[in-house]
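Novice: Structure incoming, see below.
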Amino acid sequence: MGERAGKNKKSKALIILIMALPPVLFVLSLNIGSYSISPEELGKALLSLAVPSLRQDVPQAHRDILLHIRLPRLILAMAAGASLAVSGASLQALFRNPLVNEYILGLSSGSAFGAALSLVFLGRSVPPQLAAFVFAMAAVFAVLLIAGRPESGLVSLLLTGVIVSAFFSALLMLVEFFASPYALQSLFYWLMGNLALAGWRDLALALPLMAAGLTILILLRWRMNVLSMSDEEARAVGADVRREKWLVILAATLVTAAATSVAGIIGWLGLIVPHLVRMAVGADNRIVVPLSAALGASFLLAADAVTRSLTSIEIPVGIFTSLIGIPVFLVLLKKSKKVWL
């Protein structure tokens with residue numbers, strides 16, 4: 001009895017710690033960058049954004065850096081990190097497999113092709129973010145159309161996702177073959193995943209989509225426990241299995257496509273973060289989904305802070321998450337002895 005109470009206290013402490021991390025890291029990250037701003041000056045600059053009468057006492061450079069560079073970048077990091085982590089956690093619950101990630105339905109290859117098409121052939125007349133989002137959604141709808149109903153087997157979704165990913169990857173290579181050196185450089189920089197070019201315009205397009213998808217997935221988190229069972233068991237407790245599976249898939253697709261269209265391809269986050277959360281607090285999706293959002297936001301904030309301060313040249317955050325994510329996931333797989341779900 002005492003051992004169980006101790007475990008409950010430990011779990012509650014972990015939950016509080018994880019939920020408190022994003023705002024703490026957000027504030028700390030505001031002072032990280034090539035241009036140094038002291039904590040006192042940072043506080044004044046933040047207040048001046050809300051109180052116009054204080055602006056005369058704050059250097060214009062401080063306000064511009066905060067308003068046009070750091071704030072949109074950090075907001076995007078939090079939103080994209082939460083979106084990718086929740087998408088990964090939701091799909092892992094749906095597919096009953098902890099090795100599933102948020103890109104299994106052809107999202108990454110579809111968005112990469114869309115961005116490439118915009119950067120190479122359309123001359124930015126169509127923003128690469130918009131093109132990436134459109135083709136990411138097109139890739140997923142192609143998978144859903146070809147694979148058919150969920151009752152035909154979730155394995156068919158995985159296999160169809162591989163096929164669609166291969167198709168869009170071939171199209172991407174074709175675009176790269178005809179690209180000019182300048183366009184190719186811009187494309188590679190986007191494909192590596194980065195937050196450096198984040199702006200309020202990008203956020204205005206992507207944030208509402210990420211917020212809508214996250215809201216749906218968080219509201220459905222208790223149903224994911226039901227969907228994690230066999231279809232027969234889920235139907236026995238009154239779940240509309242087909243409708244709810246498609247709703248989870250489409251919401252996960254929406255948040256991932258919106259995040260990828262702005263931040264590029266940031267791998268491994270949606271695979272590792274839910275795994276860490278489940279190891280810490282168990283497999284109850286009512287807890288796993290919101291904690292994945294908080295830890296995903298914290299993870300990407302921390303990764304972005306490291307890439308901005310590690311060297312004089314900023315490393316794309318997608319490279320960093322892959323370099324860190326692969327060994328971390330291998331360690332987690334080796335240490336984890338429990339059967340998931």
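No value in this document is a laboratory result; all are computed from the given coordinates. These numbers were taken from a predicted model, which means no experiment stands behind them. Quick reminder, even Gly has a Cβ in these numbers, built from the backbone with ideal geometry, and neighbours come from all protein chains shown.
Novice: For q = 0.09, 0.10, 0.12 Å⁻¹, what log10 I(q)/I(0) does the range 17-335 give under the Debye formula with an equal point scatterer on each alpha carbon and no solvent?
Specialist: One equal scatterer on each Cα of the range 17-335 leads to -0.47, -0.58, -0.82.
Novice: Follow-up. In whole angstrom, note down how far apart the Cα centers of the range 204-262 and the range 91-112 are.
Specialist: 13
Novice: Can I ask one more? Which whole-number percent gives the relative contact order of the chain, counting Cα pairs below 8 Å spaced six or more residues apart?
Specialist: Worked out over the chain, it gives 29 percent.
Novice: Let me ask something additional. Let me know the Kirkwood hydrodynamic radius for the range 221-315, please, with Cα pairs as the basis and the value in Å to one decimal.
Specialist: Here the Kirkwood hydrodynamic radius works out to 15.4 Å.
Novice: Multiply the residue separation of Val331 and Glu232 by 0.36 nm, subtract the distance between their alpha-carbon atoms, and state the gained length in nm to one decimal.
Specialist: Additional length available on full extension: 32.1 nm.
Novice: Under a straight-distance cross-link criterion of Cα-Cα below 15 Å, which aspartates and glutamates are reachable from Lys44, leaving out those fewer than 8 residues away in the same chain?
Specialist: Partners found: Asp57, Asp64.
Novice: Here's a follow-up. Per 5 Å bin, what is the whole-percent P(r) computed from every C-alpha pair distance within the range 185-262?
Specialist: Reading upward from the zero bin: 3, 14, 20, 16, 13, 11, 9, 7, 5, 2, 0.
Novice: Based on the Kirkwood radius over alpha-carbon pairs, what value in µm²/s does the Stokes-Einstein equation return for the translational diffusion coefficient of the range 264-336 at 20 °C and 1.002 mPa s?
Specialist: Numbers: Rh = 12.9 Å.
Translational diffusion coefficient: 165 µm²/s.
Novice: Now for a separate question. What is the spin-label model distance, in nm, from Leu174 to Trp200 if the labels are put 7 Å beyond Cα along the C-beta direction?
Specialist: So the two model labels end up 4.1 nm from each other.
Novice: Could you tell me how far the Cα centroid of the range 279-327 sits from the Cα centroid of the range 127-199, in Å?
Specialist: 22
Novice: Given the Cα-Cα distance of Asn225 and Leu17 and 0.36 nm per residue of separation, how much length would full extension add, in nm? Don't jump to the answer; show the numbers that get you there.
Specialist: Details: separation 208, 0.36 × 208 = 74.88 nm, distance 2.40 nm.
Full extension of this stretch gives 72.5 nm more.
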